[in-house]
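For reference, the structure discussed in these notes is given below.
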Amino acid sequence: MTKRIIPDTITSCNLLCGGIAVFLATQGAFIWAFVFILAGAFFDFFDGLSARVLKAPSPIGVELDSLADDITFGLAPSMMLFCWLKPILGWWAGIALLMAAFSALRLAKFNVDERQHESFIGLATPANAIFWGGICCLPISVIAYDWMAWLLIGLSLISCYLLNAEIPFFSFKGFKKEKVVIISFLAGCLILIGFCVAKAIATKHIEFACFSGTACILWYVVLNILLAIAKRN
């Protein structure tokens, strides 16, 4: 019983980070909201790891993990995008909140899908959260025209699709099978992060460093879609 408390406590820390991120988003503190989403991702990684190391899996832990993930990686990025775009689109920005619902659906499917032990079917919720978190850290002034805001709303609907699409996405759990692909992905990430960090240093705007998360996830999505197309052909 004591062993089970440890991973459940770590999962609860993930949930707490998500709640704080939602609050910070409503206050316009988007960079800090993104920081807490990343902190939630840290706890999300270690709760499962601790459960395996301690050999203390529990049905409650599985359910708690999904609830925490939907807050941290579903509601928090959705709220960030809603609050970020609301000055431009008004209440129409609420369309972004659909990502929270589709994230919940994706997590529920993950819990019952036996195919996702070493890879994912559909975009993982943490990846989607990092993508949108990085975008919302940028100053709203980057949206020079209203159509750009509507484009982002359209992209949020594409995210809803990708979360539940029958598209295979590689996971680090399957490193042995996808070694070359994962190494290629990481190499691309290093280049993208280096470019974004250099831009942040040159302009003295930390927002560009945050955007490196968006760039890496975009690279991840494109790479997986290309791999899926190649396998079908």
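The values are calculated or read from the model by the stated rules, or taken from the named source; none is laboratory data. Just so it is clear, the structure is predicted and the values come from calculations on it, not from any experiment. Neighbour counts are summed over all protein chains in view; Cβ atoms, including those assigned to glycine, are modelled from backbone coordinates with ideal geometry. Surface accessibility is based on the protein's heavy atoms, side chains included, excluding ligands, DNA and RNA. Shrake-Rupley method; radii C 1.70, N 1.55, O 1.52, S 1.80 Å.
Determine if the range 44-59 includes at least one residue that is within 25 Å of Asn164 (Cβ to Cβ), in contact with a helix residue (DSSP H, G or I) (Cβ under 9 Å, 6 or more places away or on another chain), at pLDDT 95 or above and open to solvent by less than 20 Å² (accessible area, probe 1.4 Å).
Among the residues of the range 44-59, not one is within 25 Å of Asn164 (Cβ to Cβ), in contact with a helix residue (DSSP H, G or I) (Cβ under 9 Å, 6 or more places away or on another chain), at pLDDT 95 or above and open to solvent by less than 20 Å² (accessible area, probe 1.4 Å), which makes the answer no.
Can you name the condition, by its number, that Phe211 falls short on among (1) out of contact with any Leu (no Cβ under 7 Å at 6 or more places or on another chain); (2) modelled with pLDDT of 90 or more?
It fails just one condition, (1).
Would you check which residues across the range 124-154 are in a helix (DSSP H, G or I) and under 14 Å from the mean Cα position of the chain (by Cα) and list them?
Taking the range 124-154 as the starting set, the residues that turn out to be in a helix (DSSP H, G or I) are 125-136, 140-142, 146-154.
Within the range 124-154, Thr125, Pro126, Ala127, Asn128, Ala129, Ile130, Phe131, Trp132, Gly133, Gly134, Ile135, Cys136 meet the criteria.
Does the range 116-123 contain at least one residue that is of a type outside the set (S, T, N, Q) and under 13 Å from the mean Cα position of the chain (by Cα)?
Looking for residues that are of a type outside the set (S, T, N, Q) and under 13 Å from the mean Cα position of the chain (by Cα), one finds at least one in the range 116-123, hence yes.
Pairs only if they're at least six apart or on different chains, beta carbon under 9 angstrom, first in the range 72-83 and over 14 Å from Ile135 (Cβ atoms), second open to solvent by 20 Å² or more (accessible area, probe 1.4 Å) and of a type in the set (D, E, K, R); list them, first residue then second.
Pairs that qualify, where the first residue is over 14 Å from Ile135 (Cβ atoms) and the partner is open to solvent by 20 Å² or more (accessible area, probe 1.4 Å) and of a type in the set (D, E, K, R), are Thr72/Asp44; Phe73/Asp44.
Of all the residues that make up the range 142-193, how many are within 20 Å of Lys109 (Cα to Cα), open to solvent by 100 Å² or more (accessible area, probe 1.4 Å) and of a type outside the set (Phe, Trp, Tyr)?
Here the count works out to 2.
What are the pairs with Cβ atoms under 8 angstrom where one residue, in the range 188-210, is more than 22 Å from Leu223 (Cα to Cα) and the other, located anywhere, is among the charged types (D, E, K, R) and buried (at least 16 other Cβ atoms within 10 Å of the Cβ)? Sequence gap at least six, or different chains.
Taking only residues 6 or more apart or on different chains, the pairs are Ala200/Glu207.
Among the listed residues Leu98, Leu64, which satisfies the condition of being part of a helix (DSSP H, G or I), out of contact with any Pro (no Cβ under 8 Å at 6 or more places or on another chain) and either surrounded by 17 or more Cβ atoms within 10 Å (Cβ to Cβ) or of a type in the set (Asp, Glu) (or both)?
The unique qualifying residue is Leu64.
Please verify whether the range 103-118 includes one or more residues that are open to solvent by 30 Å² or more (accessible area, probe 1.4 Å), of a type outside the set (Val, Ile, Thr), closer than 20 Å to Phe30 by Cβ and not in a helix (DSSP H, G or I).
For the range 103-118, residues open to solvent by 30 Å² or more (accessible area, probe 1.4 Å), of a type outside the set (Val, Ile, Thr), closer than 20 Å to Phe30 by Cβ and not in a helix (DSSP H, G or I): absent.
So which residues in the range 207-226 are open to solvent by less than 30 Å² (accessible area, probe 1.4 Å) and either of a type in the set (Ser, Thr, Tyr) or under 13 Å from Val181 (Cβ atoms) (or both), if there are any at all?
Listed by number, the residues that qualify are Ser212, Thr214, Tyr220, Leu223, Asn224.
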